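Below is one structure, written out as structure tokens; comments come after it.
The values are calculated or read from the model by the stated rules, or taken from the named source; none is laboratory data. Note that the structure is a prediction, hence the values are computed from the model and not measured. As a convention, Cβ positions derive from the backbone with ideal geometry for all residues, glycine included, and neighbour counts pool all protein chains shown. The accessibility values were calculated without ligands, DNA or RNA, using every heavy atom of the protein model including side chains. Shrake-Rupley method; radii C 1.70, N 1.55, O 1.52, S 1.80 Å.
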Amino acid sequence: MHPSPPLRVPVGHDAQRWSTFQARRTLVVAARTVTSTARVLESLPALLRDDTRVSVVFAYDPTSAFDNGVLELLHDSGCRVMPWGQLGEITPDLIVSASENIDVPDGDCPVLVLPHGIGFQKFVPDSRARRTRLSGVVPDALLEAGRAWLAVSHPDQEAQLLASHPKTAGRTLLVGDPCFDELLVSTRHRDAYREALGVGPGQRLVMVSSTWGPTSLIGREPELPARLLAALPYDEYRVGAIVHPNVWSAHGSWQLRTAQATALDAGLSLVPPIHSWRPALVAADVVVGDHGSVTLYGAALDKPVLLAAFGGDAVPGTAGADLGRTAPRLDPAGDPRRQIEDAVHDHEPQRYAEVARRAFSDSGQALARLRTAVYQLLRLPEPPSRPPAAPILLPPDPPSAAVTSWRVVTAVAEGAGQPVVTVHRFPAAVCEDWAEGPGPYVHLACTDEERDPRLAESASVVVRARPAATAAGALGWIQNTLARLPGSGLAATGAGAGWLIGLRDGRVVEATATGPALDAGLSASAVYGCLRAGRPLDDTVVTLRVGGLRDADVVLRLRPR
């Protein structure tokens, strides 16, 4: 393999002849892991906004076990990238990194190290020896040379570092946490984030949060997302997962998606690993997590928290360790739904206020303080513009695929003058059994986009995923579907303002509903329940109860033959 060619502009030999911006200082970002690179990319633009006095170059360090994806991230962001070996041939004025485990060349330029999580909360493997080290602390050589500056989010972290690493004395800068500031200011946009993630009114979003390594949630309980999806009714809950970028980088997205294939088929929102996790966390109703920073961020945002794993690599005496002592644990042998409902019901506002107080101080000031620190280290006056404030996060991209099959449980009871059909749907991908039985009636339903032929051929109810354009088209689709799938008893499709539901005996039920919009699968389940219970299907009104979420009156009429 040939070495990468050196970067010519804006830092190579004779670069001034070719540069448009005649910068006075050169800032190099040491890009070593996806996590640390993303953290710098999230903060640096606000610090250097509109300032052409500073030329920024990203030096790619390929020595990390988690370097896969760094170059793609830099190129996608439009960064100028130089090979790590060229760093020793130039004279930068400041090196910035959110990865403390960097081996910078000799010199006298300062090195500013930003945290890529919450403080110094975890012991991690040391890439230089077969031991563990405190996450966030740079090599002793940089401290001894007086070049390193460690950004911290709380004064307690300064004391922690001084006790464990005396060489950090005088080498810390109290700036706060830019990421937490962004989370706080974005809470007012929670509804927009939930809508982007497909979370409907009244639904709860359960967010699974996992750090990396064998003691992480995803390392110890990789089947937990699927178990949650099997226990939580589809129409009342959504489940997402925020998995540490080191897992994506070390194992690849293909491996992670393969490991979570069943959960993904059941509707798991696997949040992209770079920026989308922050609005996704704001959108959550409850966090099921471990000792990673995302779980602690969730607690600091006053979310109910359940700990499904908590590794011994958490550092005693830190805010993270405090969370491990105070947050309730998820019992793997217990009912997940009951535990989640209890966590939400029993959660008291500001339950984790003391944990947050120990992790963060002077919220809202991080970017302004960080800009001051950067320009002081660059030996430049700050721009005359107002100090930067934490920006509101953009809505996340919807990461989940559509669910195409369900195990449906219906119960029919007498209400106030009309039958009440209660429906609970669970993604079939995570259900071991969907055999039909006596009331409450169980059946398998799927859409016409279901890719597993075993499910499609076994379904009692088949639903057209997209409404028919005309009534004639709907009737034709029903006829063809029932002929093609002789095991199916009902075929349903949207048509106009309501639905057409064809039965195996040739009858067609017209269904219309009041209240919030329903999908064809729910109306078909109401008809199925009435059919199994021997209820009339013509000129009747039933109350469709979608779990504990909402009620809707559904008018049923038989279409004339």
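State the answer as a single residue: which of G88, S253, A283 lies farthest towards the positive end of the charge dipole of the chain, with beta carbon charges of +1 for Lys and Arg and -1 for Asp and Glu, about the Cα centre.
Sorting the options by dipole projection puts first G88.
Normalise the Debye intensity by I(0) for the chain, one equal point scatterer per Cα, no solvent, then take log10 at q = 0.09, 0.10, 0.11 Å⁻¹ and round to two decimals.
-0.75, -0.86, -0.97
From zero outward in steps of 10 Å, how is the percent of C-alpha pairs of region 351-455 spread across the bins?
Result returned by the calculation: 11, 20, 15, 12, 15, 15, 9, 3.
What fraction, in whole percent, of alpha-carbon pairs in region 393-492 exceed 22 Å separation?
Tail of the P(r) past 22 Å holds 42 percent of the pairs.
Evaluated at 37 °C with a viscosity of 0.692 mPa s, what Stokes-Einstein diffusion coefficient in µm²/s does region 1-95 have when Rh comes from the Kirkwood expression over alpha-carbon pairs?
237
Starting from the eigenvalues of the Cα gyration tensor, five times each then square-rooted, give me the equivalent ellipsoid semi-axes of region 47-123, largest first, whole Å.
Values: eigenvalues 80, 54, 50 Å².
In descending order the semi-axes read 20, 16, 16 Å.
Based on the Cα gyration tensor of region 276-316, what are the three equivalent ellipsoid semi-axes, each the root of five times an eigenvalue, rounded to whole Å and given largest first?
19, 10, 9
Probe 1.4 Å, all protein chains in place: accessible area of F66 in Å², nearest 10?
About 40 Å², rounded to the nearest 10.
Can you give me the relative contact order of the chain as a percent, contacts being Cα pairs under 8 Å and 6 or more apart?
Reported as a whole number, the value is 11 percent.
Diagonalise the Cα gyration tensor of region 423-561 and give the resulting equivalent ellipsoid semi-axes, square root of 5 times each eigenvalue, largest first, whole Å.
Over the Cα atoms of region 423-561, the ellipsoid semi-axes are 20, 19, 14 Å.
With N set to the number of residues, divide the alpha-carbon radius of gyration of region 462-522 by 2.2 N^0.38 Å and report two decimals.
Output field value: 1.04.
In whole percent, and with a 1.4 Å probe on the protein chains, what portion of the accessible area of the chain is carbon and sulfur?
53
If eta is 1.306 mPa s and T is 10 °C, what Stokes-Einstein diffusion coefficient results for region 521-561, Kirkwood Rh from Cα pairs, in µm²/s?
This corresponds to a translational diffusion coefficient of 148 µm²/s.
Which of rounded, prolate, oblate describes region 2-43, given a ≥ b ≥ c as roots of the alpha-carbon gyration tensor eigenvalues and a/c under 1.5 marking rounded, otherwise prolate only if a/b is larger than b/c?
Values: a/c = 3.55, a/b = 1.47, b/c = 2.41.
Judged from the Cα gyration tensor, region 2-43 comes out oblate (a/c at least 1.5, b/c at or above a/b).
Could you bin all the Cα-Cα distances of region 121-222 into 5 Å bins starting at 0 and give me the percent of pairs in each, rounded to whole numbers?
Going from the shortest bin to the longest, the percentages are 2, 10, 13, 14, 14, 14, 12, 9, 7, 3, 1, 0.
Could you let me know the centre-to-centre spacing of region 442-516 and region 298-373, using Cα atoms, in angstrom?
Their Cα centres are 46 Å away from one another.
Could the peptides 317-329, 232-244, 176-188, 160-172 be put in order, highest first, of the mean number of other beta-carbon atoms found within 10 Å of their residues?
The packing order, highest mean first, is 232-244, 176-188, 317-329, 160-172.
Round to the nearest 10 and report in Å² the accessible area of L173, as given by a 1.4 Å probe over the protein chains' heavy atoms.
40
Ratio of region 152-207's C-alpha Rg to 2.2 N^0.38 Å, to two decimals?
1.83
Could you work out the relative contact order of region 54-196, using alpha carbon pairs under 8 angstrom and six or more residues apart, expressed as a whole percent?
After rounding, I find 15 percent.
Can you give the charge dipole size of the chain about its Cα centre, rounded to the nearest 20 debye, using +1 on the beta carbon of Lys and Arg and -1 on the beta carbon of Asp and Glu?
In debye, rounded to 20, the chain gives about 520.
Averaged per residue, what accessible area in Å² does the chain show with a 1.4 Å probe, protein chains only? All intermediate terms of the calculation are to be shown ahead of the outcome.
Numbers: 24650 Å² over 561 residues.
Heavy-atom SASA per residue in the chain reads 44 Å².
Would you calculate, for the chain, the mean residue ellipticity at 222 nm contributed by helices, counting each DSSP H stretch of 4 or more residues as -39,500 (n - 2.57) and dividing by all residues, to the nearest 500?
Theoretical 222 nm ellipticity from helices: -8500 deg cm²/dmol.
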